[in-house]
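Undergrad: Structure provided below as structure tokens; questions to follow.
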């Protein structure tokens, strides 16, 4: 497998892991309010920040964030019978909006300097 193929597989793996964290967070935040909500948001933050540090790119945050968002959107859509994963209330809304805010914060964080890189300012 080439280097770019391995990188694509890594990002796909992060997206799958993001979906798993989204599913687990959806279950936990509704079961143990408010401790479950805090735990779900901490797991989400750990996933996004860890993937940023692992890959060093904004795409490294986007991949698990896309999987996470896809999972919680699918779980929030009710079935025709009226069954849904999310309960009514403020908890699921805080989980969704908080997770998206964490993803944006992690994607816009400054990245560590590359080894052997020069000064960050132009002309020096």
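The values are calculated or read from the model by the stated rules, or taken from the named source; none is laboratory data. Since the structure is predicted, the reported quantities are computational estimates derived from the model, not experimental observations. All Cβ positions, glycine included, derive from the backbone under ideal geometry; neighbour counts span all protein chains shown.
Undergrad: Look through segment 1-12, keep the residues that are free of Cβ contacts under 8 Å to residues at least 12 places away in the same chain and touching a helix residue (DSSP H, G or I) at 6+ places or on another chain (Cβ under 9 Å), and return whichever of them is nearest to residue 100 (Cα to Cα).
TA: Here the answer is 7.
Undergrad: Against the condition over 13 Å from residue 99 (Cα atoms), touching a residue at least 40 places away in the same chain (Cβ under 8 Å) and in a helix (DSSP H, G or I), how does residue 15 come out, does it pass?
TA: Answer is yes for this residue.
Undergrad: Return the total of residues in segment 60-92 being surrounded by 14 or more Cβ atoms within 10 Å (Cβ to Cβ), farther than 11 Å from residue 103 by Cα and under 15 Å from the mean Cα position of the chain (by Cα).
TA: Looking only at that region, the number is 4.
Undergrad: Filtering segment 33-53 down to residues that are assigned to a helix (DSSP H, G or I) and out of contact with any helix residue (DSSP H, G or I) (no Cβ under 6 Å at 6 or more places or on another chain), which residue is farthest from residue 11 (Cα to Cα)?
TA: Only one residue tops the list, namely 35.
Undergrad: Any residue at all in segment 81-96 that's in contact with a helix residue (DSSP H, G or I) (Cβ under 9 Å, 6 or more places away or on another chain) and at positive phi?
TA: Yes; the residues of segment 81-96 include at least one that is in contact with a helix residue (DSSP H, G or I) (Cβ under 9 Å, 6 or more places away or on another chain) and at positive phi.
Undergrad: To continue, here is another question. Read through the list (1) part of a helix (DSSP H, G or I); (2) touching a residue at least 12 places away in the same chain (Cβ under 8 Å); (3) closer than 30 Å to residue 8 by Cβ, then give the number of the only condition that residue 30 fails.
TA: Unmet for residue 30, out of (1) part of a helix (DSSP H, G or I); (2) touching a residue at least 12 places away in the same chain (Cβ under 8 Å); (3) closer than 30 Å to residue 8 by Cβ: (3).
Undergrad: Would you point out which residue out of 105, 109, 100, 96 is modelled with pLDDT of 75 or more, in a loop (DSSP other than H, G, I, E, B), within 25 Å of residue 44 (Cα to Cα) and out of contact with any strand residue (DSSP E or B) (no Cβ under 8 Å at 6 or more places or on another chain)?
TA: Step by step, each of 105, 109, 100, 96 is checked, and only 109 is modelled with pLDDT of 75 or more, in a loop (DSSP other than H, G, I, E, B), within 25 Å of residue 44 (Cα to Cα) and out of contact with any strand residue (DSSP E or B) (no Cβ under 8 Å at 6 or more places or on another chain).
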